[in-house]
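What follows is one structure encoded as structure tokens, with my remarks underneath.
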């Protein structure tokens with residue numbers, strides 16, 4: 001029983017990282033109907049931005065005393081801003097010119113951007129994995145036979161906090177409302193005087209910032225980061241978005257948590273070799289049985 | 001009469017391929033020979049992928065998985081059947097040729113079956129979803145080979161002897177298969193079935209309304225496309241002493257997509273040009289090792305921004321030349 005609880009705990013903390021990344025996929029898809037393949041790379045760059053931010057603030061010098069909390073927050077905000085700028089530039093340089101092209105063109109462009117960022121990162125940061133700086137000193141304690149670490153708890157709390165913030169943003173602010181309007185019907189939103197280009201830019205900025213937060217949390221959780229980490233993690237987050245119902249913000253969170261759980265339970269009870277495969281098995285099952293996702297709505301196909 | 005003419009052409013082609021092979025083996029350094037072989041394999045990959053991505057308008061970015069199935073299938077069965085075939089017809093060049101082609105066909109059938117298995121459920125999906133499913137399947141296939149201990153798992157499959165797989169792959173067989181597959185796919189594309197595939201690309205709902213069995217045709221095109229990737233995989237396997245799961249990573253699928261896109265989605269001659277182009281440029285850029293993939297990705301983005309239809313669009317080269325000549329005459 002305690003192993004099961006342990007796996008569930010680890011799964012939820014990993015899943016909340018997937019959920020943060022999945023939000024970016026789902027928001028962009030909701031508005032542009034584009035699978036932003038480069039989103040996984042934005043997540044990776046976010047993790048590196050956090051790495052360099054923490055190293056720049058002299059994280060190693062704090063030793064056993066630990067990195068002060070306010071500096072950790074500075075690192076988080078720095079990475080989120082870097083990623084937001086990156087996301088907005090990708091949108092402006094690569095996606096905007098092909099926005100009205102047939103659907104495969106932006107998809108291929110997105111794959112190109114993803115490959116470009118991966119390889120540029122290998123050049124810039126070297127392909128070798130790097131140990132993530134100790135932004136948070138790990139403290140372990142036992143709770144009813146389950147080993148809980150402050151890192152896992154922080155991941156969970158930060159992720160939930162950001163998601164709550166996003167929910168507030170989408171429901172309560174003018175920009176959030178405009179985002180929902182653009183997602184429902186881009187042309188109608190434009191006719192109502194919404195600057196759709198600005199809203200699309202804002203969507204990329206918010207989604208990318210969340211991915212960067214996910215990147216830092218991933219670094220804390222997995223200890224190592226490398227330039228190719230965005231591909232597989234990005235794909236899993238995308239599957240999470242599809243599982244929850246792509247375009248649906250709550251679905252992305254649910255999907256992320258479920259994928260994280262499935263992965264940990266597979267690794268724990270079946271074999272760690274299959275932890276990456278289970279995601280794709282889930283994807284295929286969901287696409288066959290319920291292509292609109294768990295919380296998605298069926299839309300009739302228009303001719 | 002036509003049969004006689006066609007067999008004559010086939011024999012002439014075979015003889016000239018063999019002559020070319022002798023000349024190449026003699027005249028070219030090994031490095032160049034390798035590029036020539038890779039170019040031929042790429043042509044098979046590109047023309048096969050173009051059938052589904054170009055002609056039918058579905059989007060697979062997981063074909064490396066089918067290539068892997070073909071490669072492993074051909075390698076495994078070639079190694080196991082080799083002694084049996086030699087036992088029946090006596091060891092020698094003939095037995096090698098028979099073993100090799102039987103192995104390739106087994107690989108192709110297995111890859112085609114894998115295509116059927118993947119295609120049947122997922123081809124009901126459209127566009128970008130299909131892309132992600134194929135990607136996922138490609139990864140599952142690779143992960144499975146990574147864990148298949150009778151196939152060497154992550155270290156790769158090198159046959160049963162320390163010498164590794166026999167070097168069956170030669171210019172003759174690569175280009176013989178390439179020509180056969182190009183002709184097969186060309187004939188399919190310009191047949192009634194091919195027209196239906198194009199109809200699916202242009203407007204699936206309209207095609208369905210015209211009583212085109214869309215799902216069945218998509219699955220057919222997908223399996224054939226997977227089978228040709230399987231042949232390419234088999235040829236690739238016997239080019240080196242062994243194959244590893246890493247040879248068939250996601251990048252390999254992207255390579256194939258790039259070949260088809262450079263040439264122009266939907267154009268067979270374009271796919272041929274793209275396949276050769278990728279083999280040659282990848283080799284030329286080998287000195288730039290770390291910049292190679294960055295440039296490659298930039299190329300992909302620039303093509304999409306500047307000329308999304310690729311070099312030839314969906315036209316064929318002979319048709320293009322003819323129309324150019326025609327225009328020249330008119331202007332006179």
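The table below lists the values:
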quantity	calculated
Selection from the range B:199-247 of residues that are over 30 Å from residue B:158 (Cα atoms) and surrounded by 16 or more Cβ atoms within 10 Å (Cβ to Cβ)	B:199, B:200, B:201, B:204, B:207, B:212, B:214, B:217, B:218, B:219, B:220, B:221
Any hit, the range A:83-95, residues being out of contact with any helix residue (DSSP H, G or I) (no Cβ under 7 Å at 6 or more places or on another chain), within 30 Å of residue A:134 (Cβ to Cβ), more than 10 Å from chain B (Cβ to nearest Cβ) and part of a helix (DSSP H, G or I)	yes
Total residues in the range A:122-138, condition surrounded by 21 or more Cβ atoms within 10 Å (Cβ to Cβ) and at the interface with another protein chain (Cβ under 10 Å from one of its Cβ atoms)	0
Filter result (part of a loop (DSSP other than H, G, I, E, B) and within 12 Å of chain A (Cβ to nearest Cβ)) within the range B:266-289	B:266
Residue within the range A:41-55 that is within 14 Å of chain B (Cβ to nearest Cβ), closer than 23 Å to residue A:117 by Cα and either surrounded by fewer than 19 Cβ atoms within 10 Å (Cβ to Cβ) or in contact with a helix residue (DSSP H, G or I) (Cβ under 9 Å, 6 or more places away or on another chain) (or both) present	yes
Selected residue (only one of B:68, B:19 is part of a helix (DSSP H, G or I) and free of Cβ contacts under 8 Å to residues at least 24 places away in the same chain)	B:19
Some residue of the range B:49-57 being buried (at least 16 other Cβ atoms within 10 Å of the Cβ), within 11 Å of chain A (Cβ to nearest Cβ) and assigned to a loop (DSSP other than H, G, I, E, B)	yes
Considering residues of the range B:90-124 that are within 11 Å of chain A (Cβ to nearest Cβ) and surrounded by fewer than 18 Cβ atoms within 10 Å (Cβ to Cβ) only, the residue modelled with the lowest pLDDT	B:124
Residue, farthest from residue B:79 (Cα to Cα), within the range B:144-163, restricted to residues that are crowded, with 17+ Cβ neighbours inside 10 Å and in contact (Cβ under 8 Å) with a residue 24 or more places away in the chain	B:146
For residue A:200: the one exception among (1) surrounded by fewer than 21 Cβ atoms within 10 Å (Cβ to Cβ); (2) touching a helix residue (DSSP H, G or I) at 6+ places or on another chain (Cβ under 8 Å); (3) under 21 Å from residue A:94 (Cβ atoms)	(1)
Number of the condition not met by residue A:194 [criteria: (1) surrounded by fewer than 22 Cβ atoms within 10 Å (Cβ to Cβ); (2) within 14 Å of chain B (Cβ to nearest Cβ)]	(2)
Only one of B:307, B:249, B:292 that is at pLDDT below 85, within 14 Å of another protein chain (Cβ to nearest Cβ) and within 30 Å of residue B:97 (Cα to Cα)	B:249
Hits in the range A:263-275 (condition: closer than 23 Å to residue B:65 by Cβ and crowded, with 20+ Cβ neighbours inside 10 Å)	A:263, A:266
Members of the range A:100-109 that are more than 7 Å from chain B (Cβ to nearest Cβ) and assigned to a loop (DSSP other than H, G, I, E, B)	A:100, A:102
Positions within the range B:50-104 being on the phi > 0 side of the Ramachandran plot and touching a strand residue (DSSP E or B) at 6+ places or on another chain (Cβ under 9 Å), in sequence order	none
First in the range A:68-88 and surrounded by fewer than 23 Cβ atoms within 10 Å (Cβ to Cβ), second anywhere and not in a helix (DSSP H, G or I), Cβ under 8 Å, 6 or more apart	A:71/A:57; A:72/A:135; A:72/A:136; A:74/A:57
Residue tally, condition more than 7 Å from every other protein chain (Cβ to nearest Cβ) and either surrounded by 24 or more Cβ atoms within 10 Å (Cβ to Cβ) or in a helix (DSSP H, G or I) (or both), over the range B:125-134	2
Residue tally, condition touching a strand residue (DSSP E or B) at 6+ places or on another chain (Cβ under 9 Å) and under 18 Å from residue A:165 (Cα atoms), over the range A:216-268	0
Helices (runs of 4 or more DSSP H) contained entirely in the range A:221-290, each with at least 3 residues that are under 16 Å from the mean Cα position of the chain (by Cα) and farther than 28 Å from residue A:128 by Cα	A:229-244, A:249-269
Any hit, the range A:110-121, residues being within 10 Å of another protein chain (Cβ to nearest Cβ), at pLDDT 90 or above and surrounded by fewer than 20 Cβ atoms within 10 Å (Cβ to Cβ)	yes
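Every residue, every condition in (1) over 20 Å from residue B:67 (Cβ atoms); (2) within 14 Å of another protein chain (Cβ to nearest Cβ), yes or no:
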| residue | (1), (2) |
| --- | --- |
| B:223 | no, no |
| B:234 | no, no |
| B:253 | no, yes |
| B:264 | yes, yes |
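The values are calculated or read from the model by the stated rules, or taken from the named source; none is laboratory data. Remember, it's a predicted structure, so these values are computed and weren't measured experimentally. Note that each Cβ is placed from the backbone with ideal geometry, even for glycine, and that neighbours are counted across all protein chains shown.
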